[in-house]
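The values are calculated or read from the model by the stated rules, or taken from the named source; none is laboratory data. Since the model is a prediction, treat every value here as computed from it, not as a measurement. Please note: Cβ atoms are built from the backbone with ideal geometry, for glycine as well, and neighbour counts cover all protein chains shown. The area values use the complete protein model at the heavy-atom level, side chains included, leaving out ligands, DNA and RNA. Shrake-Rupley method; radii C 1.70, N 1.55, O 1.52, S 1.80 Å.
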Amino acid sequence: HPVIPEKPETGKWYRIYPEDCVDANGEKAYANFQLGTENKLLVYFSGGGVSWNEYTAARQTSLYSQNAKEGFYMVHVDLFTDLNGNKGIFENSERNPFRNWHKLMLHYNTGDFHAGDGDYPYTSLDGSRRVLHHHGFRNYRAVMEMVKAYVPSPENLLITGCSGGAFGVALVSDDLIAYYPECKNVTCVVDSGFFRIPNWHDIAQNVWHSPKEIVERLHSDNIMLDGLEALHRKHGDRVKILFCASVRDGSLARMMNYINHNDFSFTKEAGDECEAELKQLCDEMRIAIPTVGLYFFDVPDNSQKDKNLTIHCIIGNKVAYEYRTEGKTAMEWIENAVNGRVEQIGLGLLGKK
């Protein structure tokens, strides 16, 4: 995409290059932005794994690399994000209720769930000492300062993200909302962002060097729920909080398999564990945030047919318009929430009522 000009055209994607913003390896970082015709803003946190220690820091991956056996976080995401600029929630078609909104796609190539604000030294696979620039939060802030000039006061704010970006929604939404204190209609959608690690607080503080206000919210092994619970506690029903996931998410199952069994691979047993974890999470979310919106789905992952796993993420996919749980698509579920009707869909897939 071209660099954004002084007077951008509506409906066209541009790149925003804030000064002094870099990715994990110190290369220039940027975001994608599209000016809409409605005074409403969609902010999307892109996904792409996570790094939380020296071992994971040394094992990055990208669409240009061939050694993805143990790639924990992505760099060089330009192809990945540019190709997704007309899919799912960004689709330029009549069936997309958000097609005319202003759209911001925050790239993710810092390994920190968009929440980092510091540097982390590590030893690379070739034995050299390097630094991972966990600058996700710093980059997001610099982008927002530029976007605010184009979208100074939106009527609606929809904050969403998939996978690693879903965690970003949970951790960064409170800060983002502060850019628009007069916006009364705010919706946050976490798509397929969940797994447990006991020391999230320590990771955020000492590996990512996240801002104090983010670190202080983290008190359990569930960083996503810690973030959303704090968001709900502060803003109440002004902010509608939504969570969606497939019941045997292959990518989440793989990460859980690594954390629980040190096996970074797709297995049927990992899918079983993922399903059990989601059942527990469903109960925890409904207690912590009684007004939470939920959408569970079971679209098979065709690349893992023999393992009975389901797809990872939905809102960036055409499936968001085509697959139905209880007669409702994921996009209809989000649209209803934005318009004030928050629903819990697909609980039967987890044996819930």
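Hey, with R₀ at 41 Å, roughly what FRET efficiency would residue 149 and residue 54 work out to, going by the Cβ-Cβ distance, to 0.05?
That gives a FRET efficiency of 0.55.
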Between residue 183 and residue 124, 0.36 nm times their residue separation minus their Cα-Cα distance comes to what? 16.8 nm
Among rounded, prolate and oblate, which fits region 11-151 when a ≥ b ≥ c are the square roots of the eigenvalues of its C-alpha gyration tensor, a/c under 1.5 means rounded, and a/b larger than b/c means prolate? prolate
Which shape class applies to region 205-335: rounded if a/c is under 1.5, otherwise prolate when a/b exceeds b/c and oblate if not, where a ≥ b ≥ c are the square roots of the Cα gyration tensor eigenvalues? oblate
Computed over region 234-315, the relative contact order (Cα-Cα under 8 Å, seq sep at least six) in percent reads 44 percent
Residue 260 paired with residue 343, simple spin-label distance in nm, labels 7 Å along Cα-to-beta-carbon: 3.1 nm
The percentage of the accessible area of region 176-301 (probe 1.4 Å, all protein chains present) made up of carbon and sulfur atoms, to the nearest whole number, is 50 percent
Between region 242-260 and region 105-180, the alpha-carbon center distance in angstrom: 22 Å
Kindly write out, for region 200-213 in residue order, the coupling ³J(HN,Hα) from the Karplus curve 6.51 cos²θ - 1.76 cosθ + 1.60 (θ = phi - 60°), rounded to whole Hz, with x marking Gly and Pro. 4, 4, 5, 4, 4, 7, 9, 9, 7, 6, 5, x, 4, 5
Taking a threshold of 30 Å on the Cα-Cα distance, which of the pairs 28/184; 234/279; 40/279; 103/305 fall above it? 28/184; 40/279; 103/305
Computed helical MRE - 222 nm, the chain, DSSP H runs ≥ 4 contributing -39500 (n - 2.57), nearest 500: -8500 deg cm²/dmol
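Once fully extended, how much extra length lies between residue 12 and residue 352, figured as 0.36 nm per residue of separation less the alpha-carbon to alpha-carbon distance?
Gain on stretching residue 12 to residue 352: 118.1 nm.
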Pick out which of 110, 37, 61 has the largest mean-square fluctuation in a Gaussian network model of the chain, springs linking Cα atoms closer than 10 Å. 37
Suppose we keep just the alpha-carbon trace of region 265-353; what are its Rg and Dmax in angstrom? 13.8, 41
Accessible solvent surface per residue of the chain, calculated while the other protein chains remain in place, 1.4 angstrom probe, Å²: 40 Å²
Could you look at region 1-133 and say what percent of its accessible area is carbon and sulfur, using a 1.4 Å probe and all protein chains? 48 percent
Hypothetical label at residue 212: residues of region 115-139 whose amide nitrogen lies under 18 Å (7 Å Cα-Cβ projection): 116-118, 138
Cys in the chain lacking any partner Cβ under 4.7 Å -> 21, 183, 188, 244, 274, 282
Over region 123-279, what is the relative contact order in whole percent, taking alpha-carbon pairs under 8 Å and six or more residues apart? 19 percent
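Could you grab the relative contact order for the chain? Cα pairs under 8 Å, six or more apart, rounded to a whole percent.
The normalised contact order for the chain reaches 15 percent.
Counting other Cβ atoms within 10 Å, keep those with at most 14, restrict to DSSP loop, and tell me which GluC sites (Glu not before Pro) in region 267-353 are left.
326
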Report Rg(Cα)/(2.2 N^0.38 Å) for region 125-168, keeping two decimals. 1.71
Return the long-range amide H neighbours of residue 161 (sequence gap of 5 or more, or a different chain), with a cut-off of under 5 Å between placed amide H atoms. 45, 189, 191
Please list the radius of gyration and Dmax for region 69-200, considering alpha-carbon atoms only, with Å as the unit. 16.5, 53
Which three semi-axes in whole Å describe the equivalent ellipsoid of region 252-295, each the square root of 5 times a Cα gyration tensor eigenvalue, listed largest first? 25, 9, 8
Give the Cα extents of the chain along the principal axes, in whole Å, largest first. 50, 48, 37
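Where Lys and Arg each count +1 and Asp and Glu each count -1, what net charge lies around residue 232 among other residues with Cβ under 14 Å from its Cβ? If you can, show how the numbers build up before the last one.
Working: positive: 217, 233, 234, 238, 240, 286; negative: 174, 226, 229, 237, 284.
Here the charged neighbours net out to +1.
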